[in-house]
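The values are calculated or read from the model by the stated rules, or taken from the named source; none is laboratory data. Nothing here was measured: the structure is a model prediction, and the numbers come from that model. Note: ideal-geometry Cβ built from the backbone for every residue, glycine included; neighbour counts use all protein chains shown. For accessibility, only protein heavy atoms count, side chains too; no ligands or nucleic acids. Shrake-Rupley method; radii C 1.70, N 1.55, O 1.52, S 1.80 Å.
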Amino acid sequence: GLQARDIVAVLDHGYNRLGFGSGLEFVEDIYILLKDGTAYTRTDVPPADLDVQASRKLEPQYWARWEATGKDKYRILKQDDRGRFAKEWTTVSGITARPWRAQETLNDSFSTRHFYGSMVVGGTSTMSSVTFKPDGRFETVGSTLSSTGMLQNLNGFNSSASSISDSKGTRSASGSNFQGVDGGSVGAYSKGNKDDGADRRGSYRFDGYTLELRFDSGRTERIMSFAWDDKLDHVYFQGESHSTSKRQ
């Protein structure tokens, strides 16, 4: 794995891009800048767990060269899946992430929200949140809501489905209604509950750029994580930055 002494900085390069049917979406490119002048861009595993030798050989497209051009400004020379470098450097800037201190704890909830689709054809909104407690425990909450759009409603049909999963379990509900041309309507509704929520609660531990989650179900997960800065308004885990509840 990559040790703290190997890493110069972890750069979070965030930017907006046009999403499908949902306007702008925030995207983050993560660059792990190493002292040997190379950078690693994949965040599936924390740096401490990375098999560097195997990764350089089997996935060269996630490795690049880097040079500093100013404060929190760099240029990156990427390479493809055959290890061939690009002809031009790419300029990137962003936030130099703060690693976690050993045994550091939080007392806050962090969440992220997304919407996929449009008001015309319908869509799905999602919310994901994790609450960290100072005693080393955590709980996760996830919810989804899907519904038809104006196009279906104009034709007399509307439906919706929702679910929420938290430390107590998963609850779901769905319903639909069709309004016929003769004024009659047909509707349906269902709901259900399942699991005991053990896979959404447990204990956590921060260290460096690693967040270790030990679920009450017995599963253990180690993921890459860091804070934007000492304000702890934004925390990166599960592949994206989450905002503190204080900013909701």
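Placing +1 on the Cβ of every Lys and Arg and -1 on the Cβ of every Asp and Glu, with nothing else charged, gives segment 34-122 a dipole about its Cα centre of roughly 360 debye. In this structure the amide hydrogen of S167, modeled in the peptide plane, comes within under 5 Å of the amide hydrogens of T140, none closer than 5 places in sequence on its chain. Would you work out which of N177, F226, Y40 lies farthest towards the positive end of the dipole of the chain, given +1 charges on the beta-carbon of Lys and Arg and -1 on that of Asp and Glu, about the Cα centre? Ranked along the dipole, the leading option is Y40.
Leaving out same-chain residues fewer than 8 places away, which lysines sit with a Cα under 16 Å from that of K57? The qualifying lysines are K78.
Given Cβ point charges of +1 (Lys, Arg) and -1 (Asp, Glu) and nothing else, what value in debye, to the nearest 20, does the dipole of the chain about its Cα centre take?
On the way: 32 positive and 32 negative charges, 42 e Å.
Here the size comes out at about 200 debye.
Counted by Cβ distance under 11 Å from D6, the other residues give a net charge of +1, where Lys and Arg count +1 and Asp and Glu count -1. Surface composition of the chain: carbon and sulfur atoms hold 50% of the protein heavy-atom accessible area at a 1.4 Å probe. Summarising the overall dimensions of the chain from its C-alpha atoms, the Rg and Dmax are 22.1, 74 angstrom. Around the amide H of F226, modelled in the peptide plane, lie the amide H atoms of Y236, all under 5 Å away and 5 or more residues distant in sequence or on another chain.
For segment 1-78, what does the accessible surface come to per residue with a 1.4 Å probe? Please give it in Å². Can you show the working numbers first?
Numbers: 4450 Å² over 78 residues.
Result: 57 Å² per residue.
Per residue of the chain, the DSSP helices (runs of n ≥ 4 H) give a summed -39500 (n - 2.57) that works out to -1000 deg cm²/dmol at 222 nm. Of the residues T91, L11, S143, the one whose Cα sits farthest toward the positive end of the charge dipole of the chain, with +1 on the Cβ of Lys and Arg and -1 on the Cβ of Asp and Glu, is T91.
Can you work out D for segment 74-134 in µm² s⁻¹ from Stokes-Einstein, where Rh is the Kirkwood radius over C-alpha pairs, the temperature is 25 °C and the viscosity is 0.890 mPa s? Walk me through the numbers on the way to the answer.
Working: Rh = 16.7 Å.
In µm²/s, the coefficient rounds to 147.
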